[in-house]
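Asks: My questions all concern the structure below.
The values are calculated or read from the model by the stated rules, or taken from the named source; none is laboratory data. Everything numeric in this text was worked out from a predicted model, so none of it was measured. Here Cβ is always computed from backbone atoms with ideal geometry, including for glycine, and neighbour counts include all displayed protein chains. Heads up: the accessible areas ignore ligands, DNA and RNA and are worked out on the full protein's heavy atoms, side chains in. Shrake-Rupley method; radii C 1.70, N 1.55, O 1.52, S 1.80 Å.
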Amino acid sequence: MGLWNWFWRPGPSGFGSSSTAEQVTEGIDASHLTAIVTGATSGIGKETARVLALRGAKVIIPARTLEAGAKAKESLLEANPAAKIDVMEMDLGSLKSVESFARSFVSSSRPLNILINNAGIMWCPFQLSRDGIELQFATNHLGHFLLTKLLLDKMKSTGKETGIQGRIVNVSSDAHRRADGSWLSLDTINDQSKSTHSDISFSVGSLLGILVRGSPLKGSSGRGDPRVSSQYSPCSGRYQGLRAYDRSKLANILHANELSRGLQEEGANLTVNSLHPGVIFTNIARYLELNAFLLSLATLAKPLARSVPQGAATTCYLALHPGVKDVSGKYFANCNEETPTRYARDRDLAKKLWDLSEELVEKSRKPA
């Protein structure tokens, strides 16, 4: 077996990094299911919505603007006129908007079997959300935290009424391997000068490892190995969009794990898992052009990156495949279970994030 084939070989599930979303859902009938997919107006979110609809599921796309949602729906219907697609308005960067969306959906009396928290922004310049929270944390984690919380009763009731196990999927990233747990306070999240940690540094090796295998190369700083010398700090001493992204992706896993523990204790017919989709050059990476080094590295790495259909495979696998029935609180890459960092598996850290998230949500509801 050649080295290249070794990198792309399938895992125990029968699928691997070269598998596509259509391949991992082949033969599955989802016509009895209703799914919400955030970030489905482009990239792997749109591909996820396309494949779920192809398998017969009713798909709701929350879009930041109805215009963007309508364009995505039109494109999906051109490819599959039989697709059942609805568009609703929601901005994950605004907790008020998330509440409005959830209220409208719940009042529509539709069932909900699958929630895919896919939307995200990446490596953007420092900005605060409408609720005064660093934008990547607000969009990638907090908006999805609130959305999931508000739709949880609907998913539980759907599971009870239909007997079909519900599934929540958080799209994280192996970028979480560059984050620790020292940032869990709003002051730190919002402080432009506190986005650098000397013990968790970005390295060329970790990015190339993610590109090739879906996880950092052994011994790279993605594993927290202090022996690595090929470390690059894109903007040391000031806000690092890369660091903020890493932290938000760690938050996605911690959220999924803590929610899964609670649901298992409750005996709810509902699973929660998180995943790394691989590196795919979609619209999420649009801010790369603001950093010449990362843009150059990304250009060189493009031949190793996955296609959009490959990038959506693990999401669709967790959403539909019978092989993950009753599997919850796990982290997947390449459609196979993997072990995230010790920080991602830290129960105390997960509880601390949960409490902080609840606090931020409640704070947003109080009059200014």
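Asks: Is it the case that V272 is closer than 22 Å to G11 by Cα and either at pLDDT below 95 or not small (G, A, S) (or both)?
Replies: For V272, the condition - closer than 22 Å to G11 by Cα and either at pLDDT below 95 or not small (G, A, S) (or both) - is met.
Asks: Regarding G159, is this residue out of contact with any helix residue (DSSP H, G or I) (no Cβ under 6 Å at 6 or more places or on another chain) and on the phi > 0 side of the Ramachandran plot?
Replies: Values: out of contact with any helix residue (DSSP H, G or I) (no Cβ under 6 Å at 6 or more places or on another chain): yes; on the phi > 0 side of the Ramachandran plot: no.
Here the answer is no, as G159 does not meet what is asked.
Asks: Please determine, by comparing only the residues of region 329-353 that are buried (at least 21 other Cβ atoms within 10 Å of the Cβ) and of a type in the set (S, T, N, Q), which one is nearest to L115 (Cα to Cα).
Replies: Across region 329-353, the extreme among qualifying residues is N334.
Asks: Follow-up question, since we're still on this one. Condition (residue is open to solvent by 40 Å² or more (accessible area, probe 1.4 Å), within 23 Å of the chain's Cα centre (by Cα) and closer than 19 Å to L146 by Cβ) applied to region 71-84: is it met by at least one residue?
Replies: no
Asks: Residue check: is G27 touching an Asp or Glu at 6+ places or on another chain (Cβ under 9 Å), surrounded by fewer than 20 Cβ atoms within 10 Å (Cβ to Cβ) and not basic (K, R)? Step through it out loud before you land on a result.
Replies: Details: touching an Asp or Glu at 6+ places or on another chain (Cβ under 9 Å): no; surrounded by fewer than 20 Cβ atoms within 10 Å (Cβ to Cβ): yes; not basic (K, R): yes.
The answer is no for G27.
Asks: Something else now. Which of the residues spanning region 332-358 are among the hydrophobic types (A, V, I, L, M, F, W, C) and part of a loop (DSSP other than H, G, I, E, B)?
Replies: Let us first name the residues in region 332-358 that are among the hydrophobic types (A, V, I, L, M, F, W, C), namely 332-333, 335, 344, 349-350, 353-354, 356.
Listed by number, the residues that qualify are C335, A344.
Asks: Also, quick follow-up: Collect the residues in region 113-142 that are over 21 Å from L318 (Cα atoms) and either open to solvent by less than 10 Å² (accessible area, probe 1.4 Å) or small (G, A, S) (or both), keeping them in residue-number order.
Replies: Start the filter on region 113-142 by keeping residues that are over 21 Å from L318 (Cα atoms), which leaves 121-139, 142.
Within region 113-142, C124, S129, G132, I133, E134, Q136, F137, A138, L142 meet the criteria.
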